[in-house]
Amino acid sequence: MAKPRNRQRNQLLITAGVMGLLVLVGGAVVFSSLPDSAVPPASTSEPVAAEATQPASPPEAPAEPAPSGPTLVEDDGQTLWASPTTGEPLSLRYLPPGCQFILSVRLADMLTTDDGQIVAEQFANLLRPLAADLAAADRQLRDVEQLTIGIRQGDAYGELDLTFVVHTSVTARAADTQTDPVPIATGKLGKLARFNGDLLVLAQPATLDGLAGAGGEPPPLRRELEQLASHTDADRHVSLLVAPSFLFAEGKSIFAPRVSALREPLFEQLPDALRGLLVSVHFGDDGFYWECRAAAAVEMTATQVATRFNQQLDRWAGELQLTLLDLRPAPYGRRVVANLPAMVRLAAQYARRGVVDRHAVLNGYLPPAAGHNLLLAAELMLAQQSAGGVSNGADGGPSSVAKASPQTAAERLAEPATVSFARDTLEQAVQYLSDEINVPIVILGGDLQLEGITKNQSFGLDERNRPGEAVLVEILRRANPDMSATGPADPRQKLVYVVRPTDGGADTFRETIFVTTRAAAAKRSEPLPSIFQSE
């Protein structure tokens, strides 16, 4: 039986998804329009800075000290923009090990700029569940100097474990004397405890116990995330550190309905070799700054990562325009949404790309108001996409007939699905597809054992935008013991599936797909889908 979902925790996932993933997509989108000539050689050590050459000092005068930081260079139209902030790396203390999605927001400082305040207020609206829990500590969201959200896989596949680290003062952020948690209250999102002065941690009880045992030390992360974490800047207003593979596997529930439209384009455009992304933005009075840094597997160089983005996303703004034509935005916010492609093109025009410390780096500046305008337009578009938008009828006007939601397993198997992984088990592969089409799929292990088939065998798969049934049949073909089968109707294709009614409550989908064998289905006189039957 599935565990009941916590609506408040889902709302926080929407927060992380909307704010973090929109920043991620913004960085990826701007990657699209840069020419290959903009990529400096891989040997470039630091495109932002140049070594200062000091003239020889006269004997009677002491030499001038070398500058302590990077010096600005003459703009050549390609060199990376200098960052407006020079903070220390983000502190990841009090996050649990295994986090693959880390979002850090400096709420209080964002409120000091007019444009940052607009975005900060949006955060506040989405973080109301957290505000309710902070009230137990006599704190409000406007008191939050820095909020860090760490997400990792929960006890079961698809479940997420969230931890919120809240700094409500500068002094608390630097204090490291008290590591034993002092419980304050158990709220809607978990258990709230005070660690260091005004440093508050909100998590599940078991997670808090583990943090206390670790003494609040920074958690171990996967290698690429560790490398990227050292390049974070704690002075940036928003920073997102994420493992892309997490978004499309155990962390896929981050794509809540409100941001579900992001999943497919991200899946299509992010290469499999991409192991880590660091995206950050800063709202300044002089301009809106954004930066994207990517780490890939050893078989893909930083320059290749940048080139891959450029090739895949070069026409993204144009495709976005076509999407808007099909969507026909509602009157509310129509002008803002309609300007989104132009905003993206402008961002691309002022973007710079380079290679720093073996990472592909992309950054850019825009007018101060650009940040919240991009966010507002993207959020309005996503909201209308998830709600179905206003589609075109045959006469070019709004259609009054809504598409009915698939109600049977056969209907849902006819819907397009995407399942892609380098190598995984049969059991996990059908779970991926089950999540995609929202139909339970169960492997009858006893039936498979009679044919000497194991559900733990592994293989690779890359099926994109194909009918769910075609994806399932391909999974069964890859796992079939006799690879000489010429097709699903061939008797040598032992692995098949059957559909049975589900005996559950009103909220349970009425059918279940069972993976079995041809012989076991025949023994029970269960009819096979037509695709497994010869003409």
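The values are calculated or read from the model by the stated rules, or taken from the named source; none is laboratory data. Note that the structure is predicted; figures quoted are calculated from it, not measured. Neighbour counts run over all protein chains shown; Cβ positions are idealised from the backbone, glycine included. Accessible surface areas use protein heavy atoms only, side chains included; no ligands, DNA or RNA. Shrake-Rupley method; radii C 1.70, N 1.55, O 1.52, S 1.80 Å.
General remarks:
- Taking a Cβ cut-off of under 14 Å around GLU526, the surrounding Lys, Arg, Asp and Glu residues balance to a net charge of +2, with basic ones at +1 and acidic ones at -1.
- Taken one residue at a time, the phi angles of segment 97-105 give Karplus couplings (6.51, -1.76, 1.60, θ = phi - 60°) of x, x, 5, 10, 9, 10, 10, 10, 10 Hz. Gly and Pro are set to x.
- The H on the amide N of ASP235, modeled in the peptide plane, is under 5 Å from the matching H of GLY87, GLU88, each at least 5 residues off or on a different chain.
- For the set TRP290, TRP81, solvent exposure ranked by accessible area (probe 1.4 Å, protein chains only) runs largest to smallest as TRP81, TRP290.
- Relative packing of peptides 514-521, 446-453, 131-138 - highest average C-beta neighbours within 10 Å first: 514-521, 131-138, 446-453
- Long-range HN-HN contacts of THR512 with modeled amide H, under 5 Å: ARG500, THR502
- Amide proton proximity set for ALA417, modelled H, under 5 Å, gap of 5+: ASN465, ARG466, GLY468
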